Amino acid sequence: MEKLIKISEEKNKKLNKIELLKQQYSAEEAFDRLKHYAQKGFSSIPDHDLNFFLKCFGIFYRPATPERFMIRVRIPGGRLKKEQAYEIGKIAREFGNDYIDITTRMQIELRYIKIEDIPAILERLESVGITTYQTGVDNFRNIVQDPLDGLAYDNVLSTWEILQKMQSIFLKSSEWLCKLPRKFNIAINGSFSNRCNAFGHDLCFVLAEKDGIFGFNVYLGGKVGEVAKPADLFLTGDLVPAFFESVGKIFKYYGFKDSRNRNRIKYLIDAVGMNDFIKAVENEIGIEFQKSGRTLTELEGGDHPEKIQLTDGSFAVHVVVPAGIFSGTDLIEAVNIIENTGGGEIRLTVEQNLYITGIKDPDRIVDLPFFKKYKNKSTAYFTNLIACAGTEHCPFGVIPNKPDAIKLAEYLSEKYPMDSSEGKIRMYWSACQKGCGIHGMGDLGFLGVKFKKDGKVVTGVDIFYGGTIIGESTEGKLLLKSVPLDQVNLYVEEIIKIYTDLKKDREIFEKFYKRVLSNISKEAFRFIILFNNLVKKDYPQLSLTINNSILNRSSEEEEIFTLGFQLYRRATGKNPYSRNNILEIYDEPEPERPSKLNPYLPKGLETIILKMITKNPKKRYKVFTEIEEELKEVFNGK
């Protein structure tokens, strides 16, 4: 504890402006004034409540919709009883332009809400057992779990009761309301499948086995851009709530309060060290925990693409909601389907879709008009699509985002048809650096950015690839930087071409990445994408592909030689050397100039090809960025 206390005292000598604000005002006072604000109107709300304290109750002012609010509704574990769903649907229709967003934390957001209507809305939500408490700013946020918890065959431990016990510790408690240094996300997964982005949170409890006992391995410190790290602990379910509370107390008392940009629990753990942090937790709770067991999330994660049989013989029917854009009317229609078929409830997912559970005859309901609008079986590009709110609804958004995500999915669906039973590709879009679209966890991730092009500020995306959720998750890597929005489809289709050409039958992108793409450098893959995009219109025959000769090379220089070898053959119809190995060409002559064999090569490309494969190591390219700059000159000046 000494190390923890010392580091905390040193970091907290100077408080950030939000911590100073918390010393002046309180969230409880803001909530008490809510009815007054409703009576007096928007102009009566002071800045500290408008821009901070009301967010503790899920009430977010959005300048993009002047004098209108977004209300974030806490849906624990994504579970919605039909009476709750029905009430939310009615509220959206009556007060919120019939608009609903499903979020990546299995919640619902209502928009276009007037301050005058908020007290009545909150009362109606509470009347059916749901709340908006602690869904924003410095609080424990909505706890996520497997959307098929307690229902699916691969759900080993139901986590619902554990989730409720954790939530009861902090929800509506003055001891915890707005008392954390920063937001705190929690996930608990008791299933083999990772259907809830289980490793992307501040605190994660993931299904594990130790000495024949099923329980949970603990992971800590996940956030945007960081996958949670193993804490080397195994807990049985009965210990989870107490462990959670102890972690919360340590974060509350010792978490950093100096910089808002570096005060998630990850930074406290990084400073103290995972071992010392866990010792502090054990000291707080008075228990020494077991070392970790074997993590069991080995099955393919994400939503099932159509339907899944449940342990009671009924089915959960999947509903694809593109980018989470839904409506109150449609939520009520989903309730009607449940009532007319004797079904169970609605389960929201982290991929902004939903399940209708307890359906006895799924083939009968998929012909209903509801499923004409929201597909039960969609393309691989829509089924696992995530997009957070963009510029239309979020003050931090850099790009429109949801429309951009849908536009790309539509383009790919038309040009490279593949339904969700043939493959799977998780495309996750975040409109800004805050990363609410969890872009780092996607097979392909998109992050909204601004940058200068030809002297003008334009909007676009950074493109990431290789995020994984099977087993212990890994964060995706930055592949392409500053891609203008109107060119995103041109680069992404090159990735999709490689995937569809080389994947095995029904192979999902994540497994394709592990089998193929993880065995070439990021720089080589980037070069292939950039080069193919440059040549596809006028010189498609020169397009590069990934084959066995490029895999598992030990350096960029070797990869450059291998791709140059392939490019020479595509340009001339013959190999430059008898052997495709940079170490085995010492006794061979330099190859002929490609233009002698192909006079139609783009001017300047011949020089680049020869520099990629020359025997002389002093003349040969060493890194791909050298080639990329010269390629731009060749094709921009052609």
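The values are calculated or read from the model by the stated rules, or taken from the named source; none is laboratory data. Quick caveat: nothing in here was measured; it's all calculated off a predicted structure. As a convention, Cβ positions derive from the backbone with ideal geometry for all residues, glycine included, and neighbour counts pool all protein chains shown. Accessible surface is based on the protein model in full, side chains and every heavy atom, while ligands, DNA and RNA are left aside. Shrake-Rupley method; radii C 1.70, N 1.55, O 1.52, S 1.80 Å.
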It is to be established whether one or more residues within the range 192-199 are of a type outside the set (A, V, I, L, M), free of Cβ contacts under 8 Å to residues at least 60 places away in the same chain and open to solvent by less than 10 Å² (accessible area, probe 1.4 Å). no
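State all residues of the range 54-92 that are basic (Lys, Arg) and more than 27 Å from Glu333 (Cα to Cα); if no residue qualifies, say none.
Lys55, Arg62
Only one residue in Lys537, Lys497 is modelled with pLDDT under 95 and farther than 20 Å from Ile613 by Cβ, so which one is that? Can you show your working first?
Working: Lys497 fails: modelled with pLDDT under 95.
Answer to the check: Lys537.
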Of the numbered conditions (1) part of a loop (DSSP other than H, G, I, E, B); (2) over 20 Å from Pro147 (Cα atoms); (3) open to solvent by less than 60 Å² (accessible area, probe 1.4 Å), Ala409 satisfies every one except a single condition; which is it? (1)
Restricting the search to the range 157-191, which residues are farther than 25 Å from Leu54 by Cα, open to solvent by 10 Å² or more (accessible area, probe 1.4 Å), within 25 Å of the chain's Cα centre (by Cα) and in contact (Cβ under 8 Å) with a residue 40 or more places away in the chain? Leu157, Trp160, Ile162
Residues that are open to solvent by 90 Å² or more (accessible area, probe 1.4 Å) and either assigned to a loop (DSSP other than H, G, I, E, B) or under 14 Å from Lys611 (Cα atoms) (or both), drawn from the range 579-599: Tyr586, Asp587, Pro589, Glu590, Arg593, Pro599
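Just a yes or no: is a residue in the range 413-431 assigned to a loop (DSSP other than H, G, I, E, B), farther than 24 Å from Lys514 by Cα and at pLDDT 95 or above?
So in the range 413-431, the residues assigned to a loop (DSSP other than H, G, I, E, B) come out as 416-418, 420-426, 431.
Still in the list and also farther than 24 Å from Lys514 by Cα: 431.
Among the residues that remain, those that are also at pLDDT 95 or above are: 431.
For the range 413-431, residues assigned to a loop (DSSP other than H, G, I, E, B), farther than 24 Å from Lys514 by Cα and at pLDDT 95 or above: present.
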So if I check each of Arg105, Arg93, which one is assigned to a helix (DSSP H, G or I) and either acidic (Asp, Glu) or within 27 Å of Gln352 (Cα to Cα) (or both)? Arg93
Among residues of the range 527-571, those that are open to solvent by 30 Å² or more (accessible area, probe 1.4 Å), touching a residue at least 60 places away in the same chain (Cβ under 8 Å) and under 26 Å from Leu478 (Cα atoms), counted: 4
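Out of all the residues in the range 122-160, which are among the hydrophobic types (A, V, I, L, M, F, W, C) and touching a Phe, Trp or Tyr at 6+ places or on another chain (Cβ under 6 Å)?
Taking the range 122-160 and keeping what is among the hydrophobic types (A, V, I, L, M, F, W, C), we get 122, 125, 128, 130, 137, 140, 143-144, 148, 151-152, 156-157, 160.
Result: Phe140, Val156, Leu157.
Considering each of Lys603, Lys619, Lys574 in turn, give the residue that is more than 26 Å from Lys536 (Cα to Cα) and either assigned to a helix (DSSP H, G or I) or open to solvent by 50 Å² or more (accessible area, probe 1.4 Å) (or both).
Details: Lys603 fails: more than 26 Å from Lys536 (Cα to Cα); Lys574 fails: more than 26 Å from Lys536 (Cα to Cα).
Only one candidate passes the filter, namely Lys619.
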Meets criteria (in a helix (DSSP H, G or I) and of a type in the set (A, V, I, L, M, F, W, C)) for Ile118: yes
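If you go through the range 488-514 one residue at a time, how many are of a type in the set (Asp, Glu) and either open to solvent by less than 10 Å² (accessible area, probe 1.4 Å) or in a helix (DSSP H, G or I) (or both)?
Going residue by residue through the range 488-514, those that are of a type in the set (Asp, Glu) are 493-494, 501, 505, 507, 510.
Okay, now just the ones that are also either open to solvent by less than 10 Å² (accessible area, probe 1.4 Å) or in a helix (DSSP H, G or I) (or both), so 493-494, 501, 510.
Selection size over the range 488-514: 4.
Can you name every residue in the range 328-379 that is among the polar types (S, T, N, Q) and open to solvent by 10 Å² or more (accessible area, probe 1.4 Å)? Even if it seems obvious, please write down each step before you answer.
Looking only at the range 328-379, we keep the residues that are among the polar types (S, T, N, Q), and these are 329, 336, 340-341, 349, 352-353, 357, 376, 378-379.
Those that are among the polar types (S, T, N, Q) and open to solvent by 10 Å² or more (accessible area, probe 1.4 Å): Thr329, Asn336, Asn340, Thr341, Asn376, Ser378, Thr379.
Identify, from the list Asn636, Asn598, the residue that is over 25 Å from Leu478 (Cβ atoms) and among the polar types (S, T, N, Q).
On the way: Asn636 fails: over 25 Å from Leu478 (Cβ atoms).
Checking each option against the conditions leaves just Asn598.
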Filter the range 514-532 down to residues that are of a type in the set (Ser, Thr, Tyr) and in contact with a helix residue (DSSP H, G or I) (Cβ under 9 Å, 6 or more places away or on another chain), then give me how many there are. 1
Going through the range 606-616 in order, the residues found to be open to solvent by 20 Å² or more (accessible area, probe 1.4 Å) and closer than 16 Å to Asn575 by Cβ are Leu610, Lys615
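Residue by residue, here is whether (1) of a type in the set (A, V, I, L, M); (2) surrounded by 15 or more Cβ atoms within 10 Å (Cβ to Cβ); (3) at pLDDT 95 or above; (4) under 27 Å from the mean Cα position of the chain (by Cα) holds:
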{"position": "Lys17", "(1), (2), (3), (4)": "no, no, yes, no"}
{"position": "Glu28", "(1), (2), (3), (4)": "no, no, yes, no"}
{"position": "Lys40", "(1), (2), (3), (4)": "no, no, yes, no"}
{"position": "Asp49", "(1), (2), (3), (4)": "no, yes, yes, no"}
{"position": "Cys56", "(1), (2), (3), (4)": "no, yes, yes, yes"}
{"position": "Arg74", "(1), (2), (3), (4)": "no, yes, yes, yes"}
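Of the residues Asn616, Asn548, Asn598, which single one is at pLDDT below 95, polar (S, T, N, Q) and under 19 Å from Ile495 (Cα atoms)?
On the way: Asn616 fails: under 19 Å from Ile495 (Cα atoms); Asn598 fails: under 19 Å from Ile495 (Cα atoms).
The conditions single out Asn548.
Taking the residues in the range 102-137 that are on the phi < 0 side of the Ramachandran plot and small (Gly, Ala, Ser) as candidates, determine which candidate is surrounded by the fewest Cβ atoms within 10 Å (Cβ to Cβ). Please lay out each step first, then the result.
Narrowing the range 102-137 to residues on the phi < 0 side of the Ramachandran plot: 102-105, 107-111, 113-128, 130-133, 135-136.
Going one step further and asking which of them are small (Gly, Ala, Ser), we end up with 120, 127, 136.
Details: Ala120: 14, Ser127: 11, Gly136: 21.
For the range 102-137, the residue satisfying everything is Ser127.
Pick from the range 58-72 the residues that are assigned to a strand (DSSP E or B) and either under 17 Å from Asp47 (Cα atoms) or at pLDDT below 95 (or both): which of them is most open to solvent (accessible area, probe 1.4 Å)? Reasoning before the result, please.
First pass over the range 58-72, keeping only residues assigned to a strand (DSSP E or B): 59-61, 69-72.
If we keep only those that are either under 17 Å from Asp47 (Cα atoms) or at pLDDT below 95 (or both) as well, we get 59-61, 69-70.
Working: Ile59: 1, Phe60: 16, Tyr61: 42, Phe69: 2, Met70: 3 Å².
Selected residue: Tyr61.
Does Pro403 count as open to solvent by 20 Å² or more (accessible area, probe 1.4 Å), within 20 Å of Leu110 (Cα to Cα) and not in a loop (DSSP other than H, G, I, E, B)? Steps first, answer last, please.
Values: open to solvent by 20 Å² or more (accessible area, probe 1.4 Å): yes; within 20 Å of Leu110 (Cα to Cα): yes; not in a loop (DSSP other than H, G, I, E, B): yes.
Considered against the rule, which asks whether it is open to solvent by 20 Å² or more (accessible area, probe 1.4 Å), within 20 Å of Leu110 (Cα to Cα) and not in a loop (DSSP other than H, G, I, E, B), Pro403 comes out as yes.
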So Gly343 ticks every box in (1) at pLDDT 95 or above; (2) outside any helix (DSSP H, G or I) but one. Which box is left unticked? (1)
